[in-house]
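S.K.: Got a structure for you, questions after.
Just so you know, all these numbers are worked out from the coordinates, no wet-lab data involved. Small disclaimer: the values here were computed from a predicted structure and weren't measured. Reconstructed Cβ throughout: ideal geometry from the backbone, glycine too, with neighbour counts over all protein chains shown.
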Amino acid sequence: MPFSTLLYDNRDGIATVTINRPDKLNALNAAVINELGALATQIAEDDEVRGVILTGTGPKAFVAGADIGELSACDSLQAETLSRKGSAVFRSLERCPKPVLAAVNGFALGGGCELAMACHLRVASESARFGQPEVKLGITPGYGGTVRLPRLVGRGKALELLLSGGMIDAQEAMRIGLVNRVVPADRLLPETASLLNTILENGPLAVAGCLRLVEEQHDLSLDEALALESRRFGELAGTEDFRTGTGAFLAKRTAAFRGQ
Ligand code: COA
C-alpha cells in the first residue's frame, strides 16, 4: 500500500516506519494518523514482520505534535472525533502483538510524546526533547498523554510535565523512566535495531505473551491478573517453543525458535 506521509521498509523482519513531513517537523495531520492506522493493521497481520521501529524524518524532530494548523480549525465535535481517531490508532500500535520500538530522533512533543509512549519501548538520541505542551495552546493532551504518562513516570513527574508544558532532554527522560535508552544520534537506528534483535532472538510466542499480559492486566484486579498469568504460563508450557527453549538450555546450545 503506497503512503504519502510515511516511509516503509522491511528488512530481515524488522519494519522501519518513518513519519515523513520534515517541513512540519513530522506533525501528525489526519493523513499521518490514517496511514499509521492502516499500517498498524497491516503490520499486525504480516507474517514477514517480526518487529517494528517507528521514527521521524530528519535530525530535528521525531514528531512535534498534532498538526496545530489542522487542530486550530476544529470545533468541539471535530476535535473530539480527531482525538478518538488518533487514540484508537495509537492503541492499535500499543496492542500490536509484535514489539514496537520508538527511535526518538528529536522533538517528541504533544502527540509525538504520546506516540512514543504508545510504543512498547523508547530509545532516544542525545538530542531528543520530550514534552506535553498542549496547555500552552489552551487544551489538554488528546492522544493518551494524561493516561500513559502517569503510568510510565508516576503522577508527580507526569503532572509537572503536563501542567508546565515544559520540555525535558533525553537524559532527564531516561532518569524518570520515560525512555529506556539514550544513544548518540548517529547510533540511534543501529542501537534500536540491536535492542529489537535481542528481543527477537527469544521465543516469539513468549514475547507476544509478555506484551499481551502486560497490556491486559490494566483491566484486571491483582488476583485476576495473576490468575491470567498462570493460565498463559500453562498454555505456553504446551508449545514447541517451550520445548525448544528448555531443550536448548539443557543441551547448552542456542535455541532456534519457530514460534509454534
Ligand atoms: N503543527 C504544525 N506545524 C508545526 C508543528 C505542529 N505541531 N510544529 C512545528 N511546525 C512547523 C512550524 O510551523 C514551521 O513551519 P513553517 O516553516 O511553515 O512556518 C516548521 O514546522 C518548523 O518549525 P519551527 O517552529 O520554525 O522550528 P523551531 O526549531 O523554531 O521550533 C519547536 C521547534 C518544536 C520547538 C516548535 O516548532 C514548536 O513548539 N512546535 C509546536 C509543538 C507543540 O506545541 N506541539 C503540541 C501540539 S498539540
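S.K.: Met167 passes all but one of (1) surrounded by fewer than 24 Cβ atoms within 10 Å (Cβ to Cβ); (2) touching a helix residue (DSSP H, G or I) at 6+ places or on another chain (Cβ under 6 Å); which number fails?
M.R.: (2)
S.K.: Here is a further query. Residue check, Pro184 against (1) within 13 Å of the ligand (Cβ to nearest atom); (2) without any contact (Cβ under 8 Å) to a residue 60 or more places away in the chain; (3) in contact with a Ser or Thr (Cβ under 8 Å, 6 or more places away or on another chain), all met but one. Which one?
M.R.: (1)
S.K.: I would also like to ask the following. Looking at (1) of a type outside the set (S, T, N, Q); (2) more than 10 Å from the ligand (Cβ to nearest atom); (3) in a loop (DSSP other than H, G, I, E, B), which is the only condition Leu163 fails?
M.R.: (3)
S.K.: With respect to Thr244, is the statement that it is farther than 30 Å from Ile139 by Cα, touching a residue at least 12 places away in the same chain (Cβ under 8 Å) and assigned to a helix (DSSP H, G or I) true?
M.R.: yes
S.K.: Moving on to the next point. Being free of Cβ contacts under 8 Å to residues at least 12 places away in the same chain, within 11 Å of the ligand (Cβ to nearest atom) and not basic (Lys, Arg) is true for just one of Gly138, Gly106, Gly65. Which residue is that?
M.R.: Exactly one residue qualifies, and that residue is Gly138.
S.K.: Of the residues Val153, Val135, Val100, which single one is within 27 Å of Ile43 (Cα to Cα) and β-branched (Val, Ile, Thr)?
M.R.: Details: Val153 fails: within 27 Å of Ile43 (Cα to Cα); Val135 fails: within 27 Å of Ile43 (Cα to Cα).
The match here is Val100.
S.K.: Okay, moving on. Going through region 109-135 one residue at a time, which ones are more than 16 Å from the ligand (Cβ to nearest atom) and either among the aromatic types (Phe, Trp, Tyr) or surrounded by fewer than 24 Cβ atoms within 10 Å (Cβ to Cβ) (or both)?
M.R.: Scanning region 109-135 gives Cys119, His120, Leu121, Glu126.
S.K.: Continuing with this model, one more query. Give the residue, chosen from Gly58, Gly86, that is in a loop (DSSP other than H, G, I, E, B) and within 12 Å of the ligand (Cβ to nearest atom).
M.R.: Answer to the selection: Gly58.
S.K.: Evaluate the following for Ala40: is it away from the ligand (no atom under 16 Å from the Cβ), under 16 Å from the mean Cα position of the chain (by Cα), under 25 Å from Glu201 (Cβ atoms) and in contact (Cβ under 8 Å) with a residue 40 or more places away in the chain? Outline the logic, then answer.
M.R.: Numbers: away from the ligand (no atom under 16 Å from the Cβ): yes; under 16 Å from the mean Cα position of the chain (by Cα): yes; under 25 Å from Glu201 (Cβ atoms): yes; in contact (Cβ under 8 Å) with a residue 40 or more places away in the chain: yes.
Against the criterion (away from the ligand (no atom under 16 Å from the Cβ), under 16 Å from the mean Cα position of the chain (by Cα), under 25 Å from Glu201 (Cβ atoms) and in contact (Cβ under 8 Å) with a residue 40 or more places away in the chain), Ala40 qualifies.
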